[in-house]
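The values are calculated or read from the model by the stated rules, or taken from the named source; none is laboratory data. Note that the structure is predicted; figures quoted are calculated from it, not measured. Here the Cβ positions follow ideal geometry from the backbone for every residue, glycine too, while neighbour counts run over all protein chains shown. Just the protein is used for accessible areas: all its heavy atoms, side chains included, with ligands, DNA and RNA removed. Shrake-Rupley method; radii C 1.70, N 1.55, O 1.52, S 1.80 Å.
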Amino acid sequence: MMQSSPFTPRRVVIWIGRLVLAAIFIYAGYSKIFLPIVHPHPPVGVALSFFAMQVDSYQILPPWGVNIVAHTLPFAEVALGLLLLIGWRLRIWATVITLIMLGFFVAVVRSYALGLQINCGCFANPEPLTKWTVIRDGLLTALALVMSVFAYQEARAPHPWSAPEKS
Amino acid sequence: MEVFSDFQCPACKTLYLATNRALMDNYVSSGKVYLIHRDFPLPMHAHSRVAARYARAAAQIGKGEAAEQALFQNQEKWKQSGDVDGTVAAALSSADMTKVRSLVKLGTLEPLIDKDYSLGQTYHVNQTPTTVFHCKGQTYPYAGVMSYEILRQFLDQLLSQK
């Protein structure tokens, strides 16, 4: 009889990371592309231009950099969220998501430290950037980091269904 | 476009000087965009309500833009000294300033400032500057400063909507 995969804490953390971060990335990307808070819904071009203003409010990038981020990030978020959910080449996409989360975290901490009165721009809703945003982003970045490390460790461990090594 | 602004807030000054003046020259004067200044004096700023009173009084005699410019450009000076009167007086003629002072003393401007503040609360404004864009029945609330270049792109996208 085939044995089921052992339910180790490491695998539980990977699954939690995949589900939580995939849901957040997919929703974050969707909300930037379609702006569900605005009625009637605006065209995608308007929604992305509005997101460009949110990126610009962080005062980190020049206008051309703002445009690149604003017109690629929402689609990348949806794609990465789906890849994380599917689990295909998990280590690669988990690493990419961790690097993106680290980038978000640095931007949020910098803006909070500078006292910029801006919205987070994380989702469609106008959410002010507060210490809670910093804490939330920190926790999600930590989750992404742990998930990536565990995914690498898991890949090195022998698969529970594989045949025992011959001595 | 409704801009909820506080005359004593440094970010509001940046938005006015770096973005909204260019916006007025290129979009407002040509009639493409209608820009409304809304007073949202934050309680933590000691002189912002007084500044709002003077700016409103100046607006009532057609000198709102001159007063607004003087208040933002000299923000560092009057926020230390509290000399809002002197700051506005330097930008207006003595005859205009007499009218402004009498309007400020009347006390009729206070309900108008409170009305703007209440309107901001209905839009969930909790920081300044907050800009609320309205176009074709859509409402876009935006907090913070944006560069003119990026704002221009957004406005062009909004105006090209069918």
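Specify which of the listed residues (B:Pro129, B:Pro141) is crowded, with 21+ Cβ neighbours inside 10 Å and either under 20 Å from B:Gly31 (Cβ atoms) or within 9 Å of chain A (Cβ to nearest Cβ) (or both). Lay out the reasoning, then the answer.
Details: B:Pro141 fails: crowded, with 21+ Cβ neighbours inside 10 Å.
The match here is B:Pro129.
Of everything in segment A:108-125, what is open to solvent by 40 Å² or more (accessible area, probe 1.4 Å) and in contact (Cβ under 8 Å) with a residue 60 or more places away in the chain? Give them in sequence order.
First pass over segment A:108-125, keeping only residues open to solvent by 40 Å² or more (accessible area, probe 1.4 Å): A:109-110, A:112-115, A:117, A:123, A:125.
Listed by number, the residues that qualify are A:Phe123, A:Asn125.
Report, by residue number, each residue of segment A:126-141 that is surrounded by 14 or more Cβ atoms within 10 Å (Cβ to Cβ) and away from chain B (no Cβ under 14 Å).
Scanning segment A:126-141 gives A:Val134, A:Arg136, A:Asp137, A:Gly138, A:Leu140, A:Thr141.
Residue by residue, here is whether (1) in contact with a helix residue (DSSP H, G or I) (Cβ under 9 Å, 6 or more places away or on another chain); (2) assigned to a helix (DSSP H, G or I); (3) open to solvent by less than 50 Å² (accessible area, probe 1.4 Å); (4) within 14 Å of chain B (Cβ to nearest Cβ) holds:
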residue	(1), (2), (3), (4)
A:Arg10	yes, yes, no, no
A:Gly17	yes, yes, yes, no
A:Ala22	yes, yes, yes, no
A:Tyr30	yes, yes, no, no
A:Asp56	yes, yes, yes, yes
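Given (1) within 14 Å of chain B (Cβ to nearest Cβ); (2) under 23 Å from A:Val108 (Cα atoms); (3) surrounded by 15 or more Cβ atoms within 10 Å (Cβ to Cβ), where does A:Gly65 come up short, assuming only one miss?
(3)
Inspect all residues belonging to segment B:108-124 and state whether any of them is open to solvent by less than 40 Å² (accessible area, probe 1.4 Å) and within 14 Å of another protein chain (Cβ to nearest Cβ).
Applying the first criterion (open to solvent by less than 40 Å² (accessible area, probe 1.4 Å)) to segment B:108-124 yields B:109, B:113, B:116, B:120.
Those still in the list that are within 14 Å of another protein chain (Cβ to nearest Cβ) too: B:120.
Yes - at least one qualifying residue is present in segment B:108-124.
For segment B:27-50, name all the residues that are closer than 14 Å to B:Met1 by Cα, more than 11 Å from the chain's Cα centre (by Cα) and not in a loop (DSSP other than H, G, I, E, B).
B:Tyr27, B:Val28
For the list (1) within 28 Å of B:Val33 (Cα to Cα); (2) open to solvent by less than 40 Å² (accessible area, probe 1.4 Å), I need the number of the one condition that B:Val84 fails.
So the condition that B:Val84 fails would be (1).
Take the conditions of a type outside the set (S, T, N, Q), open to solvent by less than 30 Å² (accessible area, probe 1.4 Å) and within 11 Å of chain B (Cβ to nearest Cβ) and apply them to A:Phe50. Does it pass?
Numbers: of a type outside the set (S, T, N, Q): yes; open to solvent by less than 30 Å² (accessible area, probe 1.4 Å): yes; within 11 Å of chain B (Cβ to nearest Cβ): yes.
Criteria met by A:Phe50.
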